């Protein structure tokens, strides 16, 4: 008789992982969720979530995250803090390797989400935390009455621009195309703000400054013209990159590192599932992560039932 | 005061932190900063664990602009350890308790 520590181990405590925890708990599976640092994932750095159903006035990201965690814990989910170093697949028991211990389970749900993408231009790495930021909700208040920039044009970029407009005197919104990708509703609000100046068709070539950010060097991709914008802060919101480096070549990924799954969230290894932003898909949202988490948990339940019959 | 982080302001900073006779750990935070929420319980634990040895304090950067500017804080959460009025360690971003304790032990 094979034994294991948990029926299912969920890796990652964002909306996908927490939802999977609610469903596995209600299925009375012995479930563990391993979170690297802080439950909630990207919700934790979102000021106001306005597109998640059930909250007509919107809800703060950390509040929504707390609610999901409490709901999962109510159904028996155990949550620990730890960073997964490696997954060692087995038949049928997989091993999750943490820094200080190893845990086993026949089913795993990878819900490690995604992190903010960096621009990869000169000066960026040196000036992170010294004027270059990936978290408007964290650092926005430190730029009260200052002139700042924000790079991006999607939902996150526009939401963060609105948040930053509470503090900053002026915001230069830098976007590489001639129109935004973000929701029209957000575009209308951003374009109505006097303190926002949009730099269309523009990319950041470099961040300048010795000990702190002093300026952003911009290039217009249509005209080739280079401008130097003196700003004390620059927020970067240009999309996400999946947290899949710890998997190395274990599972098939798309060219950006997002995991391929089938409609049941199953990967190519029996018993290993993936859910949320870490998946290769077309829409990365809390609403879709929650759906993924529920499907993955249900698939795990079916998988374990089949395993027990064998 | 033992056991709980002390709330400090621009006005009280010199008296509470710079003139403290034991090392001080200050957590610079803001209400809407998610990662700050992650660090907060760790800071509370440290306040209990190190009561009497380290003065653990919090400063809301949204209500206090001078002190964060003085120390060049451009990102939060930032934790600074002061000893004899001088900065001895500075940690930016949400980190684990182990990382903060390692920095504290160096300062003690």
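The values are calculated or read from the model by the stated rules, or taken from the named source; none is laboratory data. Just so we're clear, the structure is a prediction, and the values are computed from it rather than from any experiment. Note that we place each Cβ from the backbone using ideal geometry, even for glycine, and neighbour counts take in every protein chain shown.
The table for this structure:
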read-out	value
Residue count, segment A:86-118 (criterion: within 14 Å of chain B (Cβ to nearest Cβ) and touching a residue at least 60 places away in the same chain (Cβ under 8 Å))	4
Counted residues, segment B:15-49 - those being farther than 17 Å from residue B:103 by Cα and buried (at least 23 other Cβ atoms within 10 Å of the Cβ)	5
Single residue of A:283, A:251, A:213 found to be crowded, with 22+ Cβ neighbours inside 10 Å and assigned to a loop (DSSP other than H, G, I, E, B)	A:213
Restricting segment A:58-85 to residues that are farther than 26 Å from residue B:98 by Cα and part of a loop (DSSP other than H, G, I, E, B), the residue that is nearest to the other protein chains (Cβ to nearest Cβ)	A:60
Filtered residue count, segment B:60-103, keeping only those that are buried (at least 18 other Cβ atoms within 10 Å of the Cβ), over 11 Å from the mean Cα position of the chain (by Cα) and closer than 16 Å to residue B:20 by Cβ	1
Test: residue in segment B:11-18 that is farther than 30 Å from residue A:14 by Cβ, assigned to a helix (DSSP H, G or I), touching a residue at least 60 places away in the same chain (Cβ under 8 Å) and touching a strand residue (DSSP E or B) at 6+ places or on another chain (Cβ under 8 Å)	yes
Residue list for segment A:142-155, restricted to those being surrounded by fewer than 24 Cβ atoms within 10 Å (Cβ to Cβ) and either within 8 Å of chain B (Cβ to nearest Cβ) or in a helix (DSSP H, G or I) (or both)	A:143, A:144, A:155
Tally of residues being under 14 Å from residue A:129 (Cα atoms) and either within 7 Å of chain A (Cβ to nearest Cβ) or touching a helix residue (DSSP H, G or I) at 6+ places or on another chain (Cβ under 8 Å) (or both) across segment B:79-94	5
Count - residues of segment A:12-57 that are within 14 Å of another protein chain (Cβ to nearest Cβ) and in a loop (DSSP other than H, G, I, E, B)	10
Selection status of residue A:121, part of a loop (DSSP other than H, G, I, E, B), more than 14 Å from chain B (Cβ to nearest Cβ) and either touching a strand residue (DSSP E or B) at 6+ places or on another chain (Cβ under 9 Å) or within 30 Å of residue A:231 (Cα to Cα) (or both)	yes
Search result, residues across segment B:50-59 that are part of a loop (DSSP other than H, G, I, E, B) and surrounded by 14 or more Cβ atoms within 10 Å (Cβ to Cβ)	B:50, B:51, B:54
Residue in segment A:167-181 that is within 10 Å of chain B (Cβ to nearest Cβ) and over 22 Å from the mean Cα position of the chain (by Cα) present	yes
Total residues in segment A:169-192, condition exposed (fewer than 15 other Cβ atoms within 10 Å of the Cβ) and either part of a helix (DSSP H, G or I) or touching a strand residue (DSSP E or B) at 6+ places or on another chain (Cβ under 7 Å) (or both)	5
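Here is a yes/no grid of residues against (1) more than 9 Å from chain A (Cβ to nearest Cβ); (2) modelled with pLDDT of 95 or more; (3) in contact with a helix residue (DSSP H, G or I) (Cβ under 7 Å, 6 or more places away or on another chain); (4) closer than 21 Å to residue A:142 by Cβ:
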site: B:3; (1), (2), (3), (4): yes, no, yes, no
site: B:8; (1), (2), (3), (4): yes, yes, yes, yes
site: B:12; (1), (2), (3), (4): yes, yes, no, yes
site: B:27; (1), (2), (3), (4): yes, yes, yes, yes
site: B:30; (1), (2), (3), (4): no, no, yes, yes
site: B:76; (1), (2), (3), (4): no, no, yes, yes
